[in-house]
Structures are given as C-alpha cells and as structure tokens.
1. Give me the distance in nm between label points sitting 7 Å out from Cα along the Cα-to-Cβ direction at A:Ala205 and B:Ser158, one decimal.
2. Chain C: which residue's Cβ hugs the C-to-B rotation axis most tightly, distance rounded to whole Å?
3. If you put a point 7 Å past Cα along the Cβ direction, how far is that point for C:Gly201 from the same point in each other copy, in nm, smallest first?
4. Can you flag which of C:Lys82/D:Lys84; C:Lys74/D:Lys74; A:Lys74/B:Lys84; A:Lys74/D:Lys84; C:Lys84/D:Lys82; A:Lys84/B:Lys84 are past 27 Å Cα-Cα?
5. Tell me, in nm to one decimal, what length is gained between C:Ala68 and C:Asp106 on full extension, where the rule is 0.36 nm per residue of separation less the Cα-Cα distance?
6. Tell me, B:Glu126, C:Glu94 in order of fewest to most beta-carbon neighbours within 10 Å?
7. Could you pull out every residue, at least 5 positions away or on a different chain, whose amide H is within less than 5 Å of the one on A:Arg37? Hs are placed 1.01 Å off N in the peptide plane, and Pro or chain starts have none.
8. For D:Ser38 and B:Thr171, what is the calculated FRET efficiency with R₀ set at 51 Å and r taken between the beta-carbons, to the nearest 0.05?
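Values quoted throughout were computed directly from the atomic coordinates according to the rules given, and no laboratory measurement underlies them. Treat the numbers as computed from the prediction; the structure is a model and nothing was measured. All Cβ positions, even for glycine, are placed from backbone atoms using ideal geometry, and neighbour counts span all protein chains on display.
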4 protein chains.
Amino acid sequence: MVAAQPSRPSGSVSEGAGRGTPPVRGAGQSSRSGPVRSEAARQAILIAAVELLIERGYDSLTIEGIAARAGVGKQTIYRWWKSKSAILAECLLEGLVFPGKLSVPDTGDVRADLATWLAAIGELIEGEHGEGLVRSLIAAATDNADVGRRLRDSISGSGALSARLHAGRGTTPLLGDDAPVDEIADALIGAVLLRAISRAGLDRAAVDRLLVALLGVPESAPDPGRGA
Amino acid sequence: MVAAQPSRPSGSVSEGAGRGTPPVRGAGQSSRSGPVRSEAARQAILIAAVELLIERGYDSLTIEGIAARAGVGKQTIYRWWKSKSAILAECLLEGLVFPGKLSVPDTGDVRADLATWLAAIGELIEGEHGEGLVRSLIAAATDNADVGRRLRDSISGSGALSARLHAGRGTTPLLGDDAPVDEIADALIGAVLLRAISRAGLDRAAVDRLLVALLGVPESAPDPGRGA
Amino acid sequence: MVAAQPSRPSGSVSEGAGRGTPPVRGAGQSSRSGPVRSEAARQAILIAAVELLIERGYDSLTIEGIAARAGVGKQTIYRWWKSKSAILAECLLEGLVFPGKLSVPDTGDVRADLATWLAAIGELIEGEHGEGLVRSLIAAATDNADVGRRLRDSISGSGALSARLHAGRGTTPLLGDDAPVDEIADALIGAVLLRAISRAGLDRAAVDRLLVALLGVPESAPDPGRGA
Amino acid sequence: MVAAQPSRPSGSVSEGAGRGTPPVRGAGQSSRSGPVRSEAARQAILIAAVELLIERGYDSLTIEGIAARAGVGKQTIYRWWKSKSAILAECLLEGLVFPGKLSVPDTGDVRADLATWLAAIGELIEGEHGEGLVRSLIAAATDNADVGRRLRDSISGSGALSARLHAGRGTTPLLGDDAPVDEIADALIGAVLLRAISRAGLDRAAVDRLLVALLGVPESAPDPGRGA
DNA sequence: AGTTAATCGAGACGGTACGTCCAGTCTTGGC
DNA sequence: GCCAAGACTGGACGTACCGTCTCGATTAACT
C-alpha cells in the first residue's frame, strides 16, 4: 500500500505540520501533471532543522539558516511549511529529534523503570550536547500546537509511558485498576517540563519525591517511614 | 549600606530579572552626582510590556514597541534590563501580570478548592482577553529562568498552593502527613502548563481525573473505596 | 535550404530580437519530427507583453506575468526569446505597440505637418492610457539595441519621417536639397526622447522652437527674415 | 555661511533626489535633538553607487550591493533615498559621475568645439571603462525625472552647452541672434542619447552631418561641395 | 552659583532575518 | 518535440527590530 513510507505529513495528527500533501516523487499515482514535491529537499530541510536546533537552540534557529544548511531555496521551505515550528512538528513526527532514546524500560518494576527513565530525561534536559533541547522544543510548542502534542508523545515514547503505566497497574499503591494513567503521565511529563523551564534540575531526590507523589511508593523498596 | 556603588546594585531576588535596582528617586542616599533612575519610566515600561504581551503575545513583543508605548527611549530600557524576558520577570514579580486572580481558595475541602482553582486557571489559559497569555509566559520562561520560577510562583499564588496542600494534609487519601506537597504542586502546575502548551484544554473531566491522580479522591464526595 | 535545422534559424532582422524564427505552424514545410512552434502561443505572448507594458510599465513587466496572462508556460517563452526586451523588440516589429497612430501627415506644408505630428507624440508620451509607454520603451531599449532601433523606426513611422523630410526639401530654409535629413530626423526624435526622459513636456511653444532650430522657420507662416 | 559645502540635497532642483534635509553632522545650527545624519555614510553610499554603476551597469546595480560596498546598513539607504535612481540623481548633482570630463571647449570656433565635444561623448558612450555608462543613466532616468534632468545638465556641462552656443551666436549660419539655443542643445543631446540607445555609434561622419543639420556649416572650413 | 556626571527622549547607525517576488532551469505528463 | 504547469535554487527586494551609539536637554549632588 501507499502507506509503506512512514514519513509523509499525510499522516498528520492535525492541521499544523505541513501545507498539504502533493504527490511525492516516487509515491503512488499522481493526479495531475507538472513536477512534484522533491523528497530529497524535504529530508534535507528536516535534517538541517534538527541539527541547527540541537546546535544553536530554537531562538537562533532561522529559516535562512535552515535553507542554507539544507542547500535549498527559502521559497521551497515557505512553499510547504508556514513557520519554523511547523518544520519541527514534522521532525518530531518523523522521530528525527529524539532517535529512540526515550523509550520507557520495562523490567517489571514500574517504580524503578520510571526512575531510570526520568533520570535519562533529566540528563537530556541539560545534557552535554542538545543543551536546552527540551527548552527549545517548549519554545516551539509555544507557537505550534502540534509541536506541543508531539513533544508530549515523543517524551512519553509514543504512548509508551501510558502503556507502561497501564501494564504496571496493581503493582504500586496508586496504580489501581482504574487509575487515571493518562493524567498520571501528563502530571509526570508536566513536572518534567516545569523543571526544564525553571532550570530546577531533576536529581535523584526530586525524581524520588515525584514518584512518591504519583505512584505512592518511595525508592524501590517499601519505605518504612511512609505508609504506602 | 548596599547603596555604595552609584547604581545598578543588588536587590535582585536572583540573577535574571534586571540589571539591578539602582537608587530610585527618593530612595536612600547615593554617593555621587547626577540624576537617579526614573521610577516613572520604570513603571511605564513594565506596564507597557504587560499590555503589549496581553494584546499581541510574546513573539510580537519588541523592545522598540515597549519603548514607544511607554514613551521612553530604547536606551532607557537597555540600561536596566538585558532582554524582554527580564522585563517580564520583573512584571511577574510586581504582580502586574496576574492581578491576584489566582489565589487558591480555602473552604476546608482541598479537593473542591483545587477543582475551583484549576477551573479558573483553565479559563485563563484560553480565556477572553489575555488569549494565550500563559503560553506567552512559557515562551518567555524558555529564555529566562526567573520567568519560569516566577510564573510558577504566580500560578501557585506565591506559594499559596503548597500552603493549601500543607493545610489539607490528612484530609485526602494521598495527602498524608509527610506527603511531598511541593512535588504534588509541581505536578499539578506542570500538568496545567503541558495542557497550555498542547492546547488540550482543561475541562471538568480532565480536572477531575488529574485530582484523582494527585489527591486520590474523585469528585467532591469522599470516595472511600478508591484505595488501590 | 535555410530550413535545414529543425528550428530557430535565421530570419531575424538583427541579432537582438528573438532566438530566431523557427518554422511556425502553418508556415512552410518543416523537415523534422515533433510539433512545431505554436503561432497561437507566440501571438498570445506578444499581446500579453504589450498589454502588460501599457498597464504596468517596463519595470513591472515580468516573464512570469506575461506567461500567466498569455496562458503559456514560462519555458515556452524562454525557448524563443532570451529576455523581456527581446519580446518587446518583436512587438515593435509587428506594430503591436503603436497601432499606426504615428504616421507623419503630408499636407504639403512640412512645418505644419511636423508640428501636428510632434503634438501627437507629445500627447502619447504622457497621454491618458499608455502613461509612460515611451519611457518604458526607452528603458527596454537600454538593454536591447533592436528595441532602440525599432522604437526610432516606430516613431518615425517606419522611415516615413525621413521620407516626409525628403519630400519637403526646398520648402523651408534649412531643408536644402542636400540637407542631412536622417540627422534632422534623429535630432527631432532625440529631442522628443530627451523630453520624455526628463518629463519636460512637449507643448506648442517647445515644438515651435524645436522646428525653428531644425527647419529654420517659425510658426506656419513663411518667415522670410529669419536668416542669421 | 552654511552653503559652503556643495553637497546637501537641500539644493535639490526638484523633489526627487533625497527624502529630506535633516541636519548633517558638522553642519550649522541644528533644530532638534537626537543623532544626526552621518555625512560619512552618505558619501560612502554615493561613491559606492557610482563605482558599481560604472563597473556593472544599472541593471546589475542593487541596493544590497551598494550597502555592502559602502559598509552601510540597507536601512540607512532606504532612510534617505527612495530608490536606486534617486541615489544616482544625487550622484549626478554632486558631479560624482562625470568628473568634469564633459565641459564644452571654447576656442572661438563653435563648430570645431562642438565636434571635439561630441567626439569625447561618443567615446564615453561606448568607451573603455564605463562601458554603457550613458545607457545606464538613461535607464535610471527612465524612472526618475531628476536623473533625466541632471543627465542633460551633466552632459551639457551644467548649462555650458547652451552658454557655448549663446557665445557663438552669429558665427555660424544657423546660430543667429535669436536662435533657440536651448532647443538646439536639446536636439544635440537628444541625438546623442538616441545613438546611445540604438548603439549607432557617433563617428566623425555622423558628428559632421549632425552639426550641418543644427549649425548649418560642415567641417570647420566651408565645404565647397555644399552651400551652407 | 557653577561644575560635573548620570539620566532621559529621540533616533541614526551597522546588521540579521523576515517573508515575497522573480529569474532562469528542470521535470512531469499530455498531446 | 512542443506545450502548460509548476517545483527547484538562488538572489534581491523593502521592512522590522536588534543592540549600540550619539545628540541636546535635564537634573541632582558636589564643589
């Protein structure tokens, strides 16, 4: 089927990503004549955007910079996207920003798995390269709803966070059978974003207290000092 | 005294807000000659900044625009603040952005109080005027840690959220005596910001599920059977 | 035969006009396969060019605009002309620009005839529609010698000015038998262009003085006393 | 008095050259506060414009190019001139384009003087460097009336042509006491421009015939074969 | 009272990026 | 092989702001 390639914005969750879905070179049947959107240009633009975002941050990200790095005319960008944040939304959708780094582990111990995962994200927020990447994405989300949604999806590993919580139901005090896992996931990600925004850091202690609040169990061992 | 240097000393709660708080007309004695920072100009700038932020959003907020609206030279702004986000940090600090609208009520019922408060914030996020105000502040926080911190403080009513949670300890299942109220507050505010970012809305049902997740009690009726 | 090459051979009066004049549909036999230059497209392009020139002026004249107005692909234009001025050169050659408006009258009185003719041109220079048409053509001539030559030819009515002067030899003081009529014609047209360029206008008085200078006779009355 | 410097567009013949006449750095009394137009920038812009015009021609002359060459921001150009032709108008006014090369000689023999002068101009039209300079200026005149007027003034040596003709009255057949010297000058310059436009060249023979037409005397000696 | 120095409004300056327009080339499918 | 359509790279347009600077006018404190 045509849906073999994962990438076209045809699969857009909502309006925001691209401008439309004209026939891509090499795609299936085309309905009218004339040249067709260059897939090479599209890829080059997305990659250039991600690279520059990581290297310089969202505020220094410019359409001209992307065009130059991608070896593309500015008009080719404006033809298909209406803002730099729309480009990033598509990057997020294609998994170009976080290349699989963020999947939630599953060792059977939800508490420990989330601690591991949160620590990984904490590193990513202020980590070596990608300094401020999360902050940059929040800035992008600020003027593009899709970026916001996809940022959440990306962080939660394309729903893997909710899935992990679902799977863990019954294993921690607050993860009952009808626990609102989506809201717990939102609260978790929200707390992370808030710390990213206020540069509060996400150290072990903070992670621990956060998990106590949301799962109701400290550390991986039952904490004798606090009833679960 | 702190006022030893002629100008721009101390005062700042943290690094980020302004350049300092030099002798304002009428404040303590200064050691050298010359006029002193004009309080009128400072006020005009802060007010202009907030007005423009509310009217046009953070992305359209410009130093030149603020200067023009305030009837002030650009240099007067650059002399005292190092970026537009620093101006906003000071606005937040002075309570010019959310004029007391966000205090957490206290009727004795934590669950109901938070529901009320969250509904108020939900309205504010997408509300009539101030369309996107919260989103604008998140954008500002993105390049100024102080804005992030003060945004959190403003939303939580200058710590009133934590205080309210503290006061409510023991009255809901998850608000035990040593519950990590700060983290619960963070999770709550974080969830709100996440919804602001992704335009997810914050309707009654969402608020309800969020409070179930964080306080462990649905609706306003004490749900005895919810323990997991 | 000249028609050996499939297309764009010979024919051009000089280098500048077009790419050549390849076999036009319906013209003589063509020696090779494939379709042949579409005369309909050619006409549409020339007409569109003239219309746009008159409506908007040379500076606003674009290849894309001509193509759009003519309902033609850009490539069809680039295939046969090498610049927009080349198109105009061809328009001039086909008499599409000044549809016969500029012929020099012949009443027997050279002086009066030229006065009439100059007045007509003066109106045309700044006249109702075609505002700035002459100026636009001068601009075109600036990068295409053919336009210059053909503009001169068009204004002088395809040599009719020289012919008129020739015919009038002996009837005015300066139009002797071997008067350099071509140079007089050039000077006349040059003066007109200069006024077009400098927006000096070409009123009755100016025309009169110009004719005094070039023919040596003021007004329509034979001035016997003018010899200096 | 203040009028010592030759340069300010205050002396503008008409509206077209610059945008206004704000106080120039170092000029006389200034009426209001704030910084003042930078004379250095103004000079750099005019010089850059002339250089580029001579090197590349009017069509390749760009505001960005001028700004870059002059080491100036584009806005500084747009602040004071409304088009590239307006810049050239000012260059012409300041004599930066033809540095005195075009003055009409005065040996007492009008006929010979004009022949000399026309030859010089003929060289300039297609000459070594400044290839097409005159043509470029005609193009500029096409969208700026001032350029047209000043081009004529420049060519006629700031009125020196008319003056020379005045001075020569009575020495050639057609230069009578009440000869319309301005119109003769216009016809002369017009003929030159026409040849520039149509690349007709301005060789000795052409000059001679032109002078016969306008002055009524061939060569400097009475040509026995043609009654003057 | 005069000097000194820092403030203020205003706004010109060199720059960077914007988003648009067009040039000239290339690519596709239809005739 | 020509054609309409239109995507492509590239470059200039004219505008908006940036952050720095310069100007003349105030306005305190310090002589």
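1. Label at A:Ala205, label at B:Ser158, 2.7 nm between them.
2. Result for the C and B rotation: C:Ser60, 16.
3. 4.1, 7.0, 8.2
4. Beyond 27 Å: C:Lys74/D:Lys74; A:Lys74/B:Lys84.
5. Details: separation 38, 0.36 × 38 = 13.68 nm, distance 4.25 nm.
Answer, rounded to one decimal: 9.4 nm.
6. Ranked by crowding around the Cβ, least crowded first: C:Glu94, B:Glu126.
7. Under 5 Å from the amide H of A:Arg37: A:Arg25.
8. Working from the Cβ atoms, E equals 0.10.
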